[in-house]
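Asker: I am attaching a structure below and will ask some questions about it afterwards.
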Amino acid sequence: MTSRMTPGTGHAALLALPAVLPIVVVLAVSLVAAALQSLGLMPFIGPPQLSGDAWTGDVQTLVRSGLASVYIASISTVLSLAVGFVLAAYVLTMPRMGRLVETLSAATIPIPHLIGAGAIGLLLSDSGFLDRLLGMPDSFPALVAGPGFLAVIAEYAWKESAFVALVVLGSISRSVGDLCDAAATLGATAGQRILRVVLPLAVPSLAISAVIVFVYTLGSYEAAWLLGPVSPEPLPVRAVRLFGSVDLAARPQAMATALVTVAVSAVAILAVVFLLRRFRSLR
Amino acid sequence: MIPTLQPASASMRRTLPGGFPMQLILGFLLILWIVLPMAPVFLWSIAGQWRAPAVLPSSYSLQGFSALITPDTARAAASSLSLGFGVAMIATPLGYLGAVAVRGLPAVPGRAVEFVLLAPLAIPPFALVMGSNVALLRLYVSPTFGVILVLVVTALPYTAFMFRSALASYDQRFEEVARSLGASPGQAARTVRYPLLASAAARAFFLAFLVGWGDYIATLLIGGGQLRTLPMLLGSAASATGNEQLTAALSLTIIVPPLILLAGLTLPARVRGRQ
């Protein structure tokens with residue numbers, strides 16, 4: 001019996017079209033248009049003229065922006081993974097408190113990053129909520145707009161740790177209990193069960209959430225714009241500023257900055273795919 | 001959205017090192033981590049006066065919320081709602097079709113379709129928006145339609161993934177039984193398949209709604225000021241200083257509708273899970 005749920009190959013290809021077509025068109029058009037604009041071949045006004053100025057003109061600031069973005073994304077990813085794993089382990093092991101932690105953590109998922117950034121601003125700014133809670137010490141560091149992008153990293157770690165916990169819980173909650181029981185029967189201590197059972201089970205979901213968090217924070221604008229210092233500018237902030245500049249010559253530079261972000265994301269994704277393959281072949 | 005958990009097994013309950021007091025402290029710290037950033041938002045939204053060293057506001061008022069009762073905010077709320085629902089109503093069925101297609105295709109083309117469906121996750125939204133902006137302008141695409149198009153592409157990985165995981169555990173034989181009892185293909189889909197996939201569809205719809213409802217960067221760059229949504233109002237309030245009450249009240253206004261939607265989507269499933 002042919003059912004519509006498992007359609008024939010031709011039929012299935014047709015079904016894929018409405019979803020695949022817009023993605024391919026938007027992605028292709030935007031990447032090609034960005035590349036053409038960065039080379040001066042698709043100017044906003046005036047005749048097209050091939051030029052590599054956008055790429056070679058201000059390499060130093062472009063590299064500094066790139067390094068700032070990679071730094072923010074790396075630290076945010078590591079913190080989100082660590083806190084997210086602890087959140088997941090806590091939810092799995094503590095029946096009542098865990099349920100409360102799980103519900104609260106899931107409730108932060110729908111909060112847009114723009115609001116997260118506003119909230120972290122009210123919390124961490126000079127004479128903000130945390131400063132007041134601590135009694136306004138003179139040594140309170142400049143977290144918002146200060147060096148090190150600490151408030152930006154805090155916002156990403158806060159939002160994305162809940163995401164990591166959700167992904168890890170969804171992938172290991174079914175199998176982890178039985179395996180822990182088995183390990184306990186064989187004499188594994190609590191610490192050993194966490195390190196030898198729960199953590200290895202969570203590695204694939206941690207790796208996948210790591211790449212999602214890294215790519216997301218690398219290309220995210222709101223928190224870096226609201227909470228970051230004026231200089232160095234992370235890639236998205238630089239790109240958006242140049243894009244909105246009245247100087248139309250800044251457009252190609254904005255496009256080059258956007259393409260650098262895409263390239264760094266692609267490298268990160270390929271690296272994780274490679275590492276996951278190695279990890280699977282090791283097991 | 002929230003995975004239904006199995007109760008912790010006997011050894012899991014003894015897995016966190018450090019004994020009961022340590023576990024309580026860890027739980028307290030985790031709750032603090034989650035809740036602390038929202039605390040100043042709640043306090044500022046109802047604060048009248050709140051000068052620097054005071055830990056709590058010295059007076060309370062609803063001036064932040066009352067400042068929101070303007071035709072401008074109402075229009076922005078309507079724009080945000082229609083953007084959210086517009087993106088969700090397009091991206092949900094498309095994600096479903098994509099997931100069904102991946103299931104029906106042979107391994108290699110199936111992989112290729114899956115790759116395309118996930119590809120938007122790899123491109124930062126601002127890059128997507130900047131690149132396509134000139135093309136959209138040259139094709140005389142209206143800003144609103146351009147924003148919806150880009151956001152649908154951003155939302156498709158989420159909706160397709162939701163249906164992919166639901167279809168992975170979907171048992172085809174339910175539909176076959178319905179067909180062998182004389183149901184037409186359409187009847188089998190309406191009475192068997194759609195109800196079984198309803199919760200996945202609700203989750204997919206919710207995620208796609210969030211993409212439109214909370215978007216800032218696509219609206220900013222493509223909308224070019226013509227499309228004023230709630231996040232746009234928040235962006236201008238939050239980037240200026242001295243607007244704490246308004247920023248906080250606006251933030252809560254943006255968070256509450258999705259939370260109600262989330263509760264509506266997950267509570268019935270949990271009650272059913274317990275029965």
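Asker: Hey, if you put +1 on the Cβ of every Lys and Arg and -1 on every Asp and Glu Cβ in chain A, which of A:Ala89, A:Ala184, A:Gly52 ends up farthest toward the positive end of that dipole?
Answerer: The residue sitting farthest along the positive end of the dipole is A:Ala184.
Asker: Report, in deg cm²/dmol and to the nearest 500, the calculated mean residue ellipticity at 222 nm for chain A, where each DSSP H run with n ≥ 4 adds -39500 (n - 2.57) and the sum is divided by the residue count.
Answerer: So the calculated ellipticity at 222 nm is -24000 deg cm²/dmol.
Asker: Quick one: dipole size for chain A, taken about the Cα centre, charges +1 on Lys/Arg Cβ and -1 on Asp/Glu Cβ, in debye to the nearest 20.
Answerer: Computed charge dipole of chain A: roughly 980 debye.
Asker: Partner chain Cβ atoms within 10 Å, averaged over the residues of B:100-111 - can you pull that number for me?
Answerer: The mean count of partner-chain Cβ atoms within 10 Å per residue comes to 5.
Asker: What are the DSSP H helices in chain A that stretch 24 Å or more along their long axis, judged by alpha-carbon atoms, and whose average Kyte-Doolittle hydropathy comes to at least 0.5?
Answerer: Once both thresholds are applied, what remains is A:9-38, A:59-93, A:150-172, A:199-219, A:250-282.
Asker: Can you give the average number of partner chain beta-carbon atoms within 10 Å of each beta-carbon in peptide A:97-105, as a whole number?
Answerer: 5
Asker: If you don't mind, there's one more thing I want to ask. Which one, B:Ala119, B:Leu26, B:Ile255, is farthest towards the positive end of the dipole of chain B when Lys and Arg carry +1 and Asp and Glu -1 on their Cβ?
Answerer: After comparing all options, I get B:Leu26.
Asker: Right, next: Sort A:165-173, A:233-241 by packing, meaning the average of other beta carbons within 10 Å per residue, with the highest value first.
Answerer: Result, highest mean Cβ count within 10 Å first: A:233-241, A:165-173.
Asker: Report relative contact order for segment B:102-225 in percent, whole number only (criteria: Cα-Cα under 8 Å, sequence separation at least 6).
Answerer: Reported relative contact order: 37 percent.
Asker: Now, a different point. Averaged over peptide B:22-35, how many Cβ atoms belonging to another chain are found within 10 Å of each residue's Cβ?
Answerer: 5
Asker: Could you work out the relative contact order of chain A? I mean the mean sequence separation of Cα pairs under 8 Å and 6+ apart, divided by the number of residues, in percent.
Answerer: Computed over chain A, the figure is 26 percent.
Asker: Please tell me the relative contact order of chain B in percent, rounded to the nearest whole number, where contacts are Cα pairs under 8 Å and at least six residues apart.
Answerer: This gives 29 percent for chain B.
Every read-out reported here was derived from the displayed coordinates using simple, explicitly stated rules and does not represent laboratory data. Note that the coordinates shown come from a computational prediction; the quantities given were computed from them, not determined experimentally. Methodologically, a virtual Cβ is constructed for each residue, glycine included, from the backbone with ideal geometry; neighbour enumeration extends over all protein chains shown.
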